[in-house]
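Notes for the one structure printed next.
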């Protein structure tokens, strides 16, 4: 196979709008993009070093062996073609729907006597489509159709209506159809009115429809058509019950869609609220893949393009949570599809902003539940972490390290362990600094890691010799978390290199919660509401708590013994004997010379009593002042 000269091919790219397709060595399409100028955009991949700083683009470039392009007359046509090509090829570097599920719709067919049916395919056949409804709840569509038939008596049969049948089917006798198939049944004009009412109901125009039905009921009663008035009364009562169950979304009568996304690693969830005449008519979740390294605005842009390509009906307004790519272009495309103006807006305050926030909360909740269903509740955070850090394996065992150095001479370190996203306190370890002098956090961190991996090496050697030993230090982590930034991470990696350990290590800085990794020049910003960041914060905070608790314990012990340390002739043994006998220095102060002499002898007892008398307890003074 001849080698493709990409640089020569770049010279032939036109400057007009269009779509480009990046391919790998096997000729598979791995990315589809659109551009206002094909020449400028495609050349960016091969010439613009600033553009290549994006890790996602860098990874894509390592796979590109060839490219194709399709020129179009304008950007709107390029946008439409891009969506279709993504659906056809499902390239791994594009945001795309997680599956090819077909969402159910309610369809009013394009016939002289339309019928109402459920369908999973939207085609441009002149029919009216309503939806989509949740793909996992087709029964909801069935219930809606039964309600429509009960209220408006539309047919579902497939026969051709010629009005010459000798008798109607059972649907007429159970009140589900007005029998337009027989000569004495509903006329074309009457059936058109039924369809108009059903359409208004499905479009969410219940209030207008109720007013109309109440007017018809009143007119029927005035004409003494009491049976007809009773039928309309029952219809109004059913509609009022349905109307009250719907939730008020806003004070106006707007038709709008509300879109938001939540991201977790390479997977995201798109949430849509469908609001008609100011009321939420439905909602749906859409799982998206291929979102690693993209912003919410970029994900939203791709999601909306793919969603509205098949959507049968469009509102006047689309609300989104963030500014999106090609926002004006998307609005132009939707306006063309709707045949009327469509705006795409990012609300900043008020009811519209609350709707967007509600959609975002629902997206995050659904995404968490979906990921928990596949990897378990704790596994969600681990899966997110693996994807965000591009780890080969899920970090089941995480070790977090911290230093506590509030007071000279009492510097300590802590090692805590999380397994499966949960603390494993039996594997926690504490370190009192032995070799590091002065407040040097980098040196203390390295001392702690050296002692940890030296213990692991020695224990592993004993295990290799089949010596009886319970594994304690030789169980190595899948990920090391350091409390700190780039400097602390570099210090830790020096020790890992010394001990020939290839364990992934990261640093978590406190202020902005930035994640530092060795393979990225800039820190990684994890989503604030993501499970991965929360897991790292919990581990970091637990290491900090454990280190501080040990430090406090040593400080308290030093305070207890510090007074006795200054008494000449009282060494470690006698100091320990006194504390064991009396329980504390405060109790020694309250003891008589004879009681102290019973423990350490009369000569030293006199010296201890005199020293304690001349050096009163400062804590007692502080308590008296308080």
Open item on the list: Test of understanding: what is the full-extension gain from residue 15 to residue 187, defined as 0.36 nm times their sequence separation minus their Cα-Cα distance?
Closed with: 56.0 nm
Task: FRET efficiency estimate (nearest 0.05) - Cβ-Cβ, residue 28 to residue 502, R0 35 angstrom - done: 0.65
Open item on the list: If I histogram all Cα-Cα distances within region 386-552 using bins 10 Å wide from 0, what percent of pairs lands in each bin?
Closed with: 10, 39, 37, 12, 1
Task: Length added when fully stretched, residue 123-residue 512, from 0.36 nm per residue minus Cα-Cα - done: 135.1 nm
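In terms of the Cα gyration tensor, with a ≥ b ≥ c the square roots of its eigenvalues, is region 566-625 rounded because a/c is under 1.5, prolate because a/b exceeds b/c, or oblate? Can you show the working numbers first?
On the way: a/c = 1.84, a/b = 1.71, b/c = 1.08.
Judged from the Cα gyration tensor, region 566-625 comes out prolate (a/c at least 1.5, a/b above b/c).
Taking R0 as 25 Å, what FRET efficiency do you get between residue 295 and residue 7 from their Cβ-Cβ distance, rounded to the nearest 0.05?
Values: r = 31 Å, r/R0 = 1.23.
In this case the efficiency is close to 0.20.
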Open item on the list: For region 6-94, take the convex hull of the Cα atoms, compute a quarter of its surface area, and give me that in nm², please.
Closed with: 5.3 nm²
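Compute for region 256-375: radius of gyration divided by Kirkwood radius, i.e. Rg/Rh, restricted to C-alpha atoms, rounded to two decimals.
Details: Rg = 13.8 Å, Rh = 14.4 Å.
Answer for region 256-375: 0.96.
Here, each number is a calculation from the coordinates, and none is a lab measurement. From a predicted model like this one, the values you see are computed outputs, not experimental measurements. Note that each Cβ is placed from the backbone with ideal geometry, even for glycine, and that neighbours are counted across all protein chains shown.
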